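One structure is given here, and the rest of the page talks about it.
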Amino acid sequence: MEYNFREVEKKWQKIWKDEKTFRTEDKSVKPKYYVLDMFPYPSGAGLHVGHPLGYIASDIFARYKRLKGFNVLHPMGYDSFGLPAEQYAIQTGQHPEITTKTNIARYREQLDKIGFSFDWDREVRTSNPDYYKWTQWIFIQLFNSWYNPETNKAENISTLIEKFRRISPSPRGQGEAWDALSEKEQSDLLLQHRLAYLSDTMVNWCPQLGTVLANEEVKEGVSERGGYPVERKLMKQWSLRITAYADRLLNDLDGIDWTESIKEAQRNWIGKSEGTSLKFKIAPSPVILSGVEGQGEKLPDIEVFTTRPDTIFGVSFVTLAPEHELVSKITSPAQKTVVEEYIAFAKNRSERERMADVKKITGVFTGAYVIHPFTGKQIPIWLGDYVLAGYGTGAVMAVPAHDTRDFAFANYFGIDKKIIITPPTEWDFEKNSYDEKEGKLIDSDFLNGLEVKAAIKKVIAVIEEKGLGKGKTNFRLRDAIFGRQRYWGEPIPVYYQDGIPKVLAENELPLLLPEVDKYLPTETGEPPLARAKDWKHKPKSPFSKGTPSEEGGKGDDAYEYEFSTMPGWAGSSWYFLRYMDAHNEKEFISKEAANYWQNVDLYIGGAEHATGHLLYVRFWTKFLNDLGLIPVSEPAKKLINQGMIQGVSSFVYRVETSNKYVSFGLRKDYETTPLHVDVNIVNNNVLDVDAFKAWREENKDAEFILEDGKYICGSEVEKMSKSKWNVVSPDLMVEQVGADALRLYEMFLGPLELSKPWNTNGISGVSNFIRKLWRLYHADANNQQPTTNNFNVSNEPANKQELKTLHRTIKKIVHDIENFSFNTSVSNFMICVNELTELKCNKREILEPLAIIIAPYAPHVAEELWSKLGNTTSISYAQFPEVNESYLIESAFSYPVSFNGKTRFFQEYDLSLTKEQIEKEVLTLEQTQKYLEGKTPKKIIVVHNKIVNIVV
RNA sequence: GCACAUGUGGCGUAAUUGGCAGCCGCGCCAGACUUAGGAUCUGGUGCCGAAAGGCGUGGGGGUUCGAGUCCCUUCAUGUGCACCA
């Protein structure tokens with residue numbers, strides 16, 4: 001009898017479940033360790049073999065840490081709000097909750113088969129009211145907070161009100177101003193400071209999805225989900241003031257052990273740039289002053305933002321974004337028509353159009369001028385859509401000789417350039433602008449002769465002194481738009497009382513997602529929640545679980561709730577905390593749990609969340625930390641991004657106008673059409689022709705033109721997807737070779753971070769390995785044939801060789817796991833088992849520790865062997881064996897002897913010999929003399945325990 | 001365009017971090033056992049060469065007694081950002 005993985009794996013999965021083997025203690029004398037996976041969105045397609053890659057790695061690590069004596073938190077849950085379930089609901093009318101539940105059940109079934117050591121008692125689902133109650137609660141905290149730049153922390157909004165009361169000057173004197181304002185005025189003012197706020201913002205509007213999208217949900221001008229066009233639109237929207245945290249999000253990256261590429265992506269996304277604001281006075285033009293628009297008004301200055309104030313004497317025009325607020329006021333009557341046409345043109349260009357022809361230069365002259373702050377010369381004001389309204393001040397000073405974009409614009413419209421920096425090397429200013437921050441300033445008045453960096457310093461000082469502007473930092477990061485005009489998300493816990501947004505009281509949470517007749521916008525374009533009957537805040541609201549607050553509607557009063565819901569990333573921005581205290585009904589997390597578990601020690605997930613989830617979760621963590629609710633300011637100490645598993649598609653070649661299929665090597669002789677064929681009926685590129693005939697009705701009578709009696713398929717690496725017939729499901733692998741083999745194989749494939757195509761072909765290697773491992777504990781010493789299932793482990797003491805193999809393996813495995821090099825550990829297990837098989841070792845002293853070190857990787861077979869060894873408790877809580885270095889000490893080393901770096905032969909020397917002794921010994925060798933060919937060696941290098949190199 | 005990552009046998013990969021390039025596995029070749037093999041076991045397998053030997057880590061150059069590893073340069077592939085002043 002061979003090892004029966006089907007029976008054994010099922011047996012242990014049941015025991016783990018029944019005995020709650022992996023339930024995590026809330027309190028423990030053991031040190032804590034938190035291993036987290038990015039939880040999945042439960043899609044209808046189920047898991048393919050790519051998904052568990054990270055889960056397997058984290059599971060190995062979690063199991064290893066348990067063996068090392070840690071109290072390990074290793075939970076799993078579902079990011080279960082989101083678009084696909086809702087799109088499906090629109091098509092079928094089925095409630096997204098039903099779809100979601102079905103999908104989760106399928107995910108769970110698939111996950112269970114792989115033997116993960118999750119503590120399922122702590123499962124979270126973001127769409128569960130018990131969970132989103134607290135997502136809403138955190139939103140309320142954000143609403144009730146502002147960012148105090150003095151303390152550099154979020155604080156309760158009341159401290160801001162205090163401040164307003166205290167310091168606001170007003171016509172009627174100090175102290176009165178705030179209280180003299182109407183409630184609406186106060187609310188509007190506070191909204192400008194709240195961390196969750198309502199404002200008119202330019203949003204990415206996706207008409208097909210009927211919702212706004214965040215910047216990272218838009219890729220190349222179309223929606224990430226579905227690929228629909230996205231346009232810019234001004235809308236009243238809820239946003240989160242993540243920009244308040246921009247500096248901390250950037251600086252704290254240095255303190256966390258994340259991959260450089262993710263950190264770099266976040267740095268780019270935050271996009272900090274230091275520069276200067278600078279005011280330009282608008283030239284008093286009789287035309288403008290007497291014009292209808294500007295009459296009697298004192299025109300404000302145009303403020304630009306620049307990182308290169310040193311180039312101030314090279315400015316030849318100023319460009320405003322088409323949306324700039326001053327445009328209508330400054331435009332000369334003569335230019336009015338063209339300017340208005342241009343603004344209309346710029347507005348109607350969709351994002352995709354704009355991005356598609358980035359190189360196309362558009363712009364128009366306004367007819368107005370500014371005055372150069374130092375020279376007093378008049379400088380024309382242009383409009384150009386290369387200037388973004390949302391960044392800086394929406395206005396730039398254009399220095400065509402030293403800025404690529406200004407150069408292109410000036411060239412296109414024939415505007416003069418003025419060179420004011422001499423590059424250190426030859427430069428053709430006709431062809432390119434010189435943008436580098438190196439060289440000497442010329443034609444620049446008081447900056448003449450200075451190096452660029454010195455000039456920047458000096459000019460900022462002068463600008464500040466003259467009150468023309470000041471040093472300023474800008475961020476590319478925008479505030480996060482938080483509302484989605486969709487159904488399947490957390491309702492925003494807000495109602496509107498006389499146009500003033502108010503948040504629900506804590507005891508009114510959760511605000512339950514209401515039933516609607518359709519999951520579509522209303523006829524008037526309101527979000528789906530507007531369809532809900534009586535979607536209003538009032539006493540005993542049917543939608544909120546708690547009791548209504550004092551402030552809420554009284555009597556007949558009923559105030560409309562917010563119609564939009566939260567975006568997909570809301571729930572995932574704090575889920576790592578909820579696992580610590582998943583069933584707390586009183587708080588989002590208890591102080592004790594937060595203090596014990598701190599933050600995630602190891603976080604594993606895809607790199608695609610670099611600027612989305614991973615930025616938002618850092619933001620929320622810092623915010624909750626500011627309020628003193630949690631003790632940490634970063635969610636995860638260490639982050640690993642697992643690579644993507646691609647699919648390998650197989651192709652059959654159908655001969656045109658026939659039902660004949662020609663083998664890969666012979667296809668050139670025919671006119672053929674390549675067709676995707678299900679990879680599950682192809683093995684090592686050989687098609688299972690019977691399975692192929694059975695696969696589809698039309699293949700029943702297929703004929704084949706074979707080569708060497710086989711049908712060989714073609715193959716190609718593509719994304720793993722249903723339509724390409726290259727999806728390999730983990731269930732099938734588990735069925736065929738077992739969960740342990742799947743786990744080992746996914747790790748064996750290569751380094752975790754690397755993307756690689758899935759190729760089932762090699763899996764027989766790890767499958768054989770498991771059988772070989774099993775045989776070590778079973779075969780008789782004199783019968784290597786695996787015909788016996790008799791457990792046969794001896795209690796004799798192990799010999800030196802056996803101990804050396806074991807301890808060398810322990811050492812390597814510890815090193816590998818701690819460096820997350822899971823692929824090399826699998827090789828090392830194979831080497832170990834090969835050696836022990838060779839040694840015919842069946843000693844308990846060796847095989848018992850071996851079972852433990854292999855348990856994180858192949859837990860089922862390890863448990864079975866462990867129990868056969870006579871243990872009555874789970875191997876999961878055994879003690880990881882320590883390396884005994886004394887078994888590894890070698891007394892001699894076989895030195896490679898090389899001549900000019902080329903290895904020629906080996907010579908063993910005792911390790912106690914000194915370099916000089918070895919050098920002497922080597923020279924006496926006959927072999928050495930042969931390679932010296934009578935010459936005298938120039939130099940002999942002896943590296944202890946490494947190499948001998950003779951230079952001739 | 002900018003940033004990051006990766007280039008090693010037919011394939012996935014390894015290399016104690018500057019010291020024997022190719023561990024482990026797949027595939028392939030040969031043999032054993034077999035009615036049979038998509039089972040199992042044994043041996044072989046970087047390339048050229050009959051051998052001796054030579055060549056070899058994307059290409060070119062450098063540092064070094066010695067380079068897959070360090071430096072410069074260049075090419076290719078993948079990913080992210082993309083008029084951010």
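Taken together, the residues in segment A:1-23 that are in contact (Cβ under 8 Å) with a residue 60 or more places away in the chain, under 19 Å from A:Glu735 (Cβ atoms) and open to solvent by 50 Å² or more (accessible area, probe 1.4 Å) amount to 3.
Tell me, which residue of segment A:939-952 that is within 8 Å of RNA strand B (Cβ to nearest atom) and over 25 Å from A:Ser891 (Cβ atoms) is most open to solvent (accessible area, probe 1.4 Å)? In this case the residue turns out to be A:Lys939.
Residues that are outside any helix (DSSP H, G or I), open to solvent by less than 40 Å² (accessible area, probe 1.4 Å) and within 16 Å of RNA strand B (Cβ to nearest atom) do not occur anywhere in segment A:440-462.
Out of segment A:374-407, which residues are among the polar types (S, T, N, Q) and within 12 Å of RNA strand B (Cβ to nearest atom)? Listed by number, the residues that qualify are A:Thr393, A:Thr404. Considering each residue of segment A:253-272 in turn, at least one proves to be more than 16 Å from RNA strand B (Cβ to nearest atom), modelled with pLDDT under 90 and not β-branched (Val, Ile, Thr). Restricting segment A:231-246 to residues that are outside any strand (DSSP E or B) and within 15 Å of RNA strand B (Cβ to nearest atom) leaves a set whose member that is most open to solvent (accessible area, probe 1.4 Å) is A:Thr243.
For (1) more than 14 Å from RNA strand B (Cβ to nearest atom); (2) at pLDDT 95 or above; (3) surrounded by fewer than 20 Cβ atoms within 10 Å (Cβ to Cβ), each residue gets a yes or a no:
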{"residue": "A:Asn842", "(1), (2), (3)": "yes, no, no"}
{"residue": "A:Ala855", "(1), (2), (3)": "yes, yes, no"}
{"residue": "A:His860", "(1), (2), (3)": "yes, yes, no"}
{"residue": "A:Glu863", "(1), (2), (3)": "yes, yes, no"}
{"residue": "A:Pro881", "(1), (2), (3)": "yes, yes, yes"}
{"residue": "A:Leu888", "(1), (2), (3)": "no, no, yes"}
{"residue": "A:Pro896", "(1), (2), (3)": "no, no, yes"}
{"residue": "A:Thr903", "(1), (2), (3)": "no, no, yes"}
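Contact map, segment A:652-667: residues that are aromatic (Phe, Trp, Tyr) paired with residues that are part of a loop (DSSP other than H, G, I, E, B), Cβ distance under 9 Å, separation 6+ or inter-chain. Pairs shown: A:Tyr653/A:Ser663; A:Tyr653/A:Tyr670; A:Tyr653/A:Cys713; A:Tyr661/A:Ala702; A:Tyr661/A:Tyr711; A:Phe664/A:Asn685; A:Phe664/A:Tyr711; A:Phe664/A:Cys713. Of the strands (runs of 3 or more DSSP E) lying entirely inside segment A:583-689, the ones with 3 or more residues being within 15 Å of the chain's Cα centre (by Cα) are found at A:600-605, A:636-641.
In segment A:107-214, counting only helices (runs of 4 or more DSSP H) that sit wholly within it, the ones holding 3 or more residues that are among the aliphatic types (A, V, I, L, M) and in contact (Cβ under 8 Å) with a residue 40 or more places away in the chain span A:129-143.
A:Leu629 meets the conditions (1) open to solvent by 10 Å² or more (accessible area, probe 1.4 Å); (2) farther than 23 Å from A:Thr24 by Cα in every case but one. The failed one is (2).
Filtered by the rule that a residue be within 42 Å of the chain's Cα centre (by Cα) and crowded, with 17+ Cβ neighbours inside 10 Å, segment A:409-426 gives A:Phe409, A:Ala410, A:Ile421. Which number in (1) at pLDDT below 90; (2) open to solvent by less than 40 Å² (accessible area, probe 1.4 Å) marks the one condition that A:Pro501 misses? A:Pro501 satisfies all of (1) at pLDDT below 90; (2) open to solvent by less than 40 Å² (accessible area, probe 1.4 Å) except (1). Screening A:Arg405 with (1) open to solvent by 20 Å² or more (accessible area, probe 1.4 Å); (2) farther than 23 Å from A:Glu438 by Cα gives one miss only, at (2). Restricting attention to segment A:304-327, and to residues there that are within 11 Å of RNA strand B (Cβ to nearest atom) and among the acidic types (Asp, Glu), which single residue is surrounded by the fewest Cβ atoms within 10 Å (Cβ to Cβ)? Among residues in segment A:304-327 that are within 11 Å of RNA strand B (Cβ to nearest atom) and among the acidic types (Asp, Glu), the one surrounded by the fewest Cβ atoms within 10 Å (Cβ to Cβ) is A:Glu323. If the condition is being assigned to a loop (DSSP other than H, G, I, E, B), more than 11 Å from A:Ile56 (Cβ to Cβ) and open to solvent by 10 Å² or more (accessible area, probe 1.4 Å), then segment A:733-749 contributes no residue at all. Counting the residues of segment A:504-523 that are aliphatic (A, V, I, L, M), open to solvent by less than 40 Å² (accessible area, probe 1.4 Å) and at pLDDT 90 or above gives 5.
Taking the criterion of being of a type in the set (Ser, Thr, Tyr), modelled with pLDDT of 90 or more and away from RNA strand B (no atom under 16 Å from the Cβ), would at least one residue in segment A:203-223 satisfy it? For segment A:203-223, residues of a type in the set (Ser, Thr, Tyr), modelled with pLDDT of 90 or more and away from RNA strand B (no atom under 16 Å from the Cβ): absent.
Matching residues to (1) open to solvent by 20 Å² or more (accessible area, probe 1.4 Å); (2) closer than 21 Å to A:Lys219 by Cβ:
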| site | (1), (2) |
| --- | --- |
| A:Leu577 | no, no |
| A:Ala593 | no, no |
| A:Gly606 | no, yes |
| A:His609 | yes, yes |
| A:Pro635 | no, no |
| A:Gly643 | no, yes |
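Within segment A:327-345, being over 24 Å from A:Arg232 (Cα atoms) and of a type in the set (Gly, Ala, Ser) holds for A:Ser332, A:Ala334.
Report yes if A:Ala398 is buried (at least 20 other Cβ atoms within 10 Å of the Cβ), of a type outside the set (S, T, N, Q) and touching a residue at least 60 places away in the same chain (Cβ under 8 Å), otherwise no. For A:Ala398, the condition - buried (at least 20 other Cβ atoms within 10 Å of the Cβ), of a type outside the set (S, T, N, Q) and touching a residue at least 60 places away in the same chain (Cβ under 8 Å) - is met. Comparison of A:Pro96, A:Pro129 shows that the only residue that is touching a helix residue (DSSP H, G or I) at 6+ places or on another chain (Cβ under 9 Å) and open to solvent by less than 50 Å² (accessible area, probe 1.4 Å) is A:Pro96.
The values are calculated or read from the model by the stated rules, or taken from the named source; none is laboratory data. Worth saying up front: this structure is predicted, and the values here are computed from it rather than measured. In this analysis, Cβ positions are derived from the backbone assuming ideal geometry, glycine residues included, and neighbour counts consider all displayed protein chains. The accessibility values were calculated without ligands, DNA or RNA, using every heavy atom of the protein model including side chains. Shrake-Rupley method; radii C 1.70, N 1.55, O 1.52, S 1.80 Å.
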